[in-house]
Amino acid sequence: MHLLITNIHQLLNVREQCSLLRGKAMAELPMIQNAFLVVHKGRIAAYGCMDDLPEKVYDAVYDAAGATVLPTWCDSHTHLVFAKSREQEFVDKLHGLSYADIAARGGGILHSAAALQATSEDVLFESTLKRLQELMLLGTGAIEIKSGYGLTVADELKMLRVIRRLKEVAPIPVKGTFLGAHAVPHTYRDNKQGYIKLIIEEMLPKIVQETLADYVDVFCEQNFFCVSDTEKILEAADKYGLPAKLHANQLSVSGGVEVGVKYKAVSVDHLEAMNEKSIHALGASNTIATVLPTAAFFLRMQYAPVRKMLQENCALALASDYNPGSSPSGNMNFVVSLACIQNEFLPEEAINAATLNGAYAMGVEKEVGSITIGKKANLIFTKPIPSVAYLPYHFGTPVVDKVMIEGKWV
Ligand code: NIG
Ligand code: FE
């Protein structure tokens, strides 16, 4: 079936060939004004300017009536599988406690772990699928999901099996990341090394055997896992060929960036607390710098130094970090707005970071992330908007009108 889409006001992120965008190149967002696009078998089959529309018979025609069309968001960092919201901690924060205070008294990640351990795989699957469907309506067309609220062998496997089931049923690409090293569970409170041993000797082999994860992650942070803990886990994962995506430099200059670069991590994520050395290391590497502005916003923390990272030629991605503690929203439209408002991304840079570079940050760049022939027709149709800048500018009000996944309306 050939579907012709006509009268697209602006077709954004049109690329004949793709490569990871870094530094200055991030500000270039190639587009076609007054465009058409052809979808065949769920993939992008042709595009061009309306004036050059070939005279051909199509099976169906959809008049976009002045919508702007762009590739769906590629959200490369989420904790979408969770059992319970944590609004009480939100109120505690309003009363003055910090994220670190809440974690230190057993709240935070450990609170989510207790709830998840008490919830069955089926219930988790149903609630996560519902969340995923809501995100698709907001324009998310590929997603990475982490474990890390299990913290026992059985519960980490349970989370990863939920993610695997999502991969099977979701119409969008889903990637799974093993984050056993998210926090030290109560049972290992005085024996962190024992927990790391459990991760390396019991969790990892089982996960690899069942091919439950595409990546490994560690929360490399003061009072969580230090650089040498992180190295042990990455070393072990490396033996199985499991690439890393790290939580690095969120609350402090943790050394997470350098260890990520050393182990050729696909991405290091957060980066609120950076110094010259870590920025330079990142700019000189192939590791993607994934910025999570809604986490900084929700925790009222400093924002990642995006302009400095771009000056040092970093490749930046944007993701939602959707989780019940530090970013209880997976709305990538708001991520893109906030990235411009607070991280000082330019609109074009933010859109590239949330589409093509996000795709690279989870290894789905051949399938999604740009308007390229052969890629999936995963597309956002906006309400009529005057320009690209209007998209982040008009924050908090939906600009997404319709979403298409593999040529079908969500
Ligand atoms: O990316 N910082 C570590 N992990 C999450 C938060 C998890 C939680 O608070 O439940 C994050 O911000
Ligand atoms: Fe996270």
**Asked** Reachable lysines from Lys24, Cα under 18 Å, same-chain residues fewer than 8 places away excluded?
**Response** Lys308
**Asked** Extension gain Val123-Asn313, at 0.36 nm per residue separation less the Cα-Cα distance, in nm?
**Response** 64.0 nm
**Fill in**
Sorted on mean Cβ neighbours within 10 Å (highest first), peptides 196-205, 86-95 come out as 196-205, 86-95
**Item:** Mean-position separation - Cα centroids, the stretch 305-328 and the stretch 120-151, in angstrom
**Value:** 21 Å
**Item:** Set of aspartates and glutamates with alpha-carbon distance to Lys93 below 13 Å, sequence-local pairs under 8 removed
**Value:** Asp101
**Prompt:** Based on the mean of other beta carbon atoms within 10 Å per residue, what is the order of 5-12, 330-337, most packed first?
**Reply:** 330-337, 5-12
**Prompt:** According to the square roots a ≥ b ≥ c of the eigenvalues of the Cα gyration tensor, what is the shape class of the stretch 158-277, taking rounded for a/c under 1.5, prolate for a/b larger than b/c otherwise, and oblate for the remainder?
**Reply:** oblate
**Complete:** Percent antiparallel among DSSP beta bridges confined to the chain, nearest 5, equals 45 percent
**Rg followed by Dmax, in Å, when the chain is reduced to its Cα trace** = 20.9, 72
**Request:** Give me the number: length gained by fully extending Ala154 to Glu168, i.e. 0.36 nm times residue separation minus the C-alpha to C-alpha distance, one decimal in nm.
**Result:** 2.9 nm
**Prompt:** With labels modelled as points extended 7 Å from the Cα through the Cβ direction, what inter-label distance (nm, one decimal) is found for Asn191 paired with Ser329?
**Reply:** 4.3 nm
**Fill in**
Stretched fully, the stretch from His2 through Glu201 gains (0.36 nm per residue minus C-alpha distance, one decimal, in nm) 66.5 nm
**Message:** Please list, in order, the residues from the stretch 195-237 whose amide nitrogen is less than 16 Å from a point placed 7 Å along the Cα→Cβ vector of Lys262.
**Reply:** 218-222, 225-237
**Message:** Let me spell out the model: positive unit charges on the Cβ of Lys and Arg, negative unit charges on the Cβ of Asp and Glu, origin at the Cα centre of the chain. What dipole size does that give, in debye rounded to 20?
**Reply:** 260 debye
**Item:** Among the listed pairs Lys130/Lys206; Lys197/Lys264; Lys56/Lys167; Lys167/Lys239, those beyond 32 Å (Cα-Cα)
**Value:** Lys56/Lys167
**Item:** Leading residue at positive end of dipole, the chain (Cβ point charges), from Ala248, Ser326, Gly148
**Value:** Gly148
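Here, each number is a calculation from the coordinates, and none is a lab measurement. Since we're looking at a predicted model, the values are computed, not measured. Reconstructed Cβ throughout: ideal geometry from the backbone, glycine too, with neighbour counts over all protein chains shown.
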